[in-house]
Amino acid sequence: MSNKYSLKQIREVWINAYLNGEVDWLSYLEASTFFIKRNSELISKAEQIAYIERSRTKFPNKKAGAAKLRETVKEMQEHKNWTTVSGLACFERDGEIVNQCEFFELWLLVENRWQIASLCIEDTDCAERR
């Protein structure tokens, strides 16, 4: 099975859309059953999109991409129709670390294209503030 774009390319587009709140790309790249499990909180795709849209309305001049991501992929396990990606991520704003976490992603090959099915995040700092 030949895919037009590699998982690495699709993942880059998804990360950019995730960081910048680009709901059109998120809607396309996230599976219909996509969810985020962040610590003890479970967030559906619909809740994620609604939150982004509310934030845009509330803060129309907020600068997209203000947070910078540094990540280390520790493991990527590829299978015929799915792949898992896990690692560490660090988010910085104005040169200051605002969050660090471990992450796990499940990617599925759906109709010959990659879609992310889930993102699990466990904060490794800032836990006391949440």
- Modelled FRET efficiency - R0 25 Å, E122 with K4, Cβ distances, 0.05 increments: 0.15
- With the contact rule set at Cα under 8 Å and sequence spacing of 6 or more, what percent relative contact order holds for the chain? 24 percent
- Query: Does anyone have the angle between helix 45-58 and the longest principal axis of the chain? Alpha-carbon axes, 0 to 90°, nearest 10?
  - Reply: 40 degrees
- Hand me the tally of lysine pairs in region 7-129: alpha carbons under 21 angstrom apart, and the pair either on different chains or 8 or more positions apart. 6
- Query: Taking one equal scatterer on every alpha-carbon of region 7-129, how large is log10 of I(q)/I(0) by Debye at q = 0.10, 0.17, 0.18 1/Å?
  - Reply: -0.31, -0.95, -1.07
- Using Cα atoms only, what is the angle between the long axis of helix 7-20 and the major principal axis of the chain, expressed in degrees (0 to 90) to the nearest 10? 20 degrees
- Item | Pairwise FRET efficiency - A66 versus S27, Cβ, R0 = 22 Å, nearest 0.05 | 0.45
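The numbers here are math on the coordinates, done by the rules we state, and not lab data. Just so we're clear, the structure is a prediction, and the values are computed from it rather than from any experiment. Every residue, glycine as well, gets a Cβ built from its backbone with ideal geometry; the counts of neighbours run over all protein chains shown.
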